[in-house]
Amino acid sequence: MTVNEKPLPPGPRGIDAAKFLFNSTRDFKKPMSEMAIEYGEIAHVRNRGRDFIVVSGHEAAKHVLITNQDNYRKGLEYELLRIVLGEGLLTSEGETWRKQRRLVQPMFAKRYLKNFTAHMTRATAEVLEGEPFADLPDGEVVDISEAMMALTLDIVGRALFGADLSGKTARKVGPAMNDVLSLGTKMTRRLPTFVLAHMPGMNLKKAISVNPEGRRFQRALEDLKSVIDELLAERSRQADPGDDLVGLMLSARDEETGETMSREQIGDELMTFMLAGHETTSNALAWTWRRLSLNPAARERLFEEVDTVLGDRIPDMDDMDRLPWTRACVEESLRIDSPVWTVGRQALDEDEILGYRIPKHASLMVLISMIHRDPRIWPNPEGYDPSRFLPENAKGRPRHAFMPFGAGRRVCIGSTFATVEATLLAAMIGRHLRFDLPTGAEVEAEASITLRPKHGLPMLVFHRRPGPVPDEMPEPDLAAV
Ligand code: HEM
C-alpha cells in the first residue's frame, strides 16, 4: 500500500468536527486533549480543506520531531511570534536557523553557564532581601506567579546585558519588553485576528493593526526595537564587547564561514532569549510552588534537602548533583504542568505515521502535556510524585516520554540553563520561605503560548529564616570560569 492509500488518522467527523472546531475558538488545549483521549495518540480533523493532526504519544512525536524532522517546519502559530522575534532562533528556518544555532550554541556551554548561574543566585538573593519578600509579615498574600516572572526576567536580562544592567539598559528594556509581552499574549488569544489574516489581500501585520490593542502592540514593539538598536549601537562602539550574551554575540564568528552576526540578527536573538527564556521558567517555578503546597510530604523533603545541602551557603552549579530531590520536584512539575504544553509543525510533504497518512501541508500539534500523561509510562499520571525523577527510578523509561524542552534539532537551547535556574532558585527560595495556597483557592490554568496561572497565583508567604546578604556574595566572574 502506498502512503496515499493509507487511512487518515481517526478523529471527529461531521457535526463532531464542527463542535471540536467551535470549542477550539474558546480554549485550544481542552478540546485537543479530549480528542487525544478519545481517538488515541494520533488524531485528525478537517476544517475548510485544512487538515489538522493532534499528536499525543511519544512514538508519533519522535517521528515528527526527530526521525522525519526534515519533513516538518514550524507551524502557523509561530506567525505572530515571527513579527516580534523576526529571524531569531525560535522562529527562523533552513540555512538562517542552522547558521545561527551553530553560532549561538557554544554560548550555552557549561563554562558560560557557570557565569549565568552567579547572576541567577545573586538576583534571587536580592529578591529574598528586598521586594516583595523581606519585611513581609508572615501570612501575607503575594502573587507568586508575578514574583517569579519578575525574578526570571531580571535573570535573563542579567545574562544578556551583564554589567549594563544596573544602568539605563534595564530601566528601558524591562518595561518595553513587558508591554510587548503582555500585549502580545493578548493578541494570541484574539482568534478573529488570525481568521482575518487569512482573508484575501490580508496578512497578519495588517490584521493586527485593525484593532486598537493591535496598534498599541505594534507601537510597543517599535519602542522596544529602538531601545535595542540604541543599546547595540553603543555596545558596538566599545573596544571590549563584554562577556554577557550580547557581548558574546557581538564577537561571535562562524567557524566555517568566518561571518559575524549582523546587528539586526543580534536584536532578533536578544528578543528571542528574553521571550523564550523568562516566562517558561517562571511558570515552571510557579507551578512547582503550587504543587508543593498541595503535597506537604514532598515539600518537607525539599526543605530537609536544602537545609542540609545549603546551610548558609549560596548554591552554584556544582550543587545540582547534591540536590536530587529539589531537581526532581522541578522535573515532576515540568511533566505535569509543562510550561510549553504543545509545539506546532506543518508537513512539507505527505508522510506516514503509525500506519496513518499525514496529508501534505497538514498542521500538526504535538501535545507535550498529553505525552506526559501517558498511563502506559506514567502510572497515576495526574498524581504529583517527584520520586519518578530520582535517577534510580528513571531507568528504562523511553527517552522521549518526557520532553518539556521539545526534541530533535529544534530542541530548546536553554534547557540546561532553565533546569539549573529552576532548581537553584527553588533551593534558595525554599531555604528561606514557605508558600501555602489559601484554603479553598482555585487556580485556573490558561493555555496561551505557555501554560500559566490565569488569574495569577496568590499564596500565603511564611519566612523559614532571614534571607542571604547579597553584598557578601561573589560577583559573577568569567575570568574564574
Ligand atoms: C522551563 C523553561 C523552558 C521550557 C519549558 C522551554 C521549552 C522550549 C521548547 C518546548 C522549545 C521547542 C519549540 C519547538 O520545537 O517548536 C524551546 C525552544 C527554544 N527555547 Fe526554550 N524553554 C525553556 C527555557 C528557555 C530558556 C531559559 C531559554 C534561553 C535563555 C530558551 C530559549 C529557547 C530558544 C532560543 C528556542 C529555539 C531553539 C531553536 O529552534 O533552535 N528556553 N523551548
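Length available on full extension from ASP307 to GLU352: 0.36 nm per residue minus the Cα-Cα distance, which gives 11.0 nm. Highest mean packing comes first when the peptides 276-285, 410-419, 142-151 are listed by Cβ atoms within 10 Å, giving 276-285, 142-151, 410-419. The stretch between ARG465 and GLU300, if pulled fully straight at 0.36 nm per residue, gains 57.9 nm over its current Cα-Cα span. When each of the peptides 372-385, 49-62 is scored by how many other beta carbons lie within 10 Å of its residues on average, the order from highest to lowest is 49-62, 372-385.
The helix-based estimate of mean residue ellipticity at 222 nm for the chain, built from -39,500 (n - 2.57) per DSSP H run of four or more residues and divided by its residue count, is -15500 deg cm²/dmol to the nearest 500. Cut-off 18 Å, label point 7 angstrom out along Cα-to-Cβ of ARG253: give me the residues of the stretch 225-239 whose amide nitrogen falls inside. Those under the cut-off are 236-239. Charge dipole (Cα centre; +1 on Lys/Arg Cβ, -1 on Asp/Glu Cβ; no other charges) of the stretch 3-480 amounts to roughly 1680 debye.
Can you tell me, using C-alpha contacts under 8 Å and at least 6 residues apart, the relative contact order of the chain as a whole percent?
Worked out over the chain, it gives 26 percent.
Computed from label points 7 Å out along Cα-Cβ, the spacing between SER415 and SER236 is 3.5 nm. On a straight-distance basis, which lysines could pair with LYS19 in a cross-link, Cα separation under 23 angstrom, same-chain partners fewer than 8 positions away excluded? Excluding near neighbours in sequence, the set is LYS29, LYS30. Take the Cα of LYS30, step 7 Å toward its Cβ, do the same at ASN4, and the gap between the two points is 4.0 nm.
Each Lys and Arg Cβ is given +1 and each Asp and Glu Cβ -1; about its Cα centre, the stretch 179-331 then shows a dipole of about 1320 debye. Stretched out straight at 0.36 nm per residue, the stretch from GLU79 to SER182 would grow longer than its current Cα-Cα span by 35.4 nm. On a 25 Å Cα-Cα criterion, which of the cross-link pairs LYS99/LYS205; LYS74/LYS206; LYS74/LYS99; LYS62/LYS225 come out too long? Where the Cα-Cα span goes over 25 Å, the pairs concerned are LYS99/LYS205; LYS62/LYS225.
DSSP assigns beta bridges within the stretch 3-480; of those with both partners inside it, close to 90 percent run antiparallel.
As an exercise, use a Förster radius of 51 Å and the Cβ-Cβ distance of ARG48 and ASP321 to find the FRET efficiency, rounded to the nearest 0.05.
Working: r = 53 Å, r/R0 = 1.04.
The formula returns an efficiency of 0.45 here.
Values quoted throughout were computed directly from the atomic coordinates according to the rules given, and no laboratory measurement underlies them. None of these values were measured; they are calculated from a predicted model. All Cβ positions, glycine included, derive from the backbone under ideal geometry; neighbour counts span all protein chains shown.
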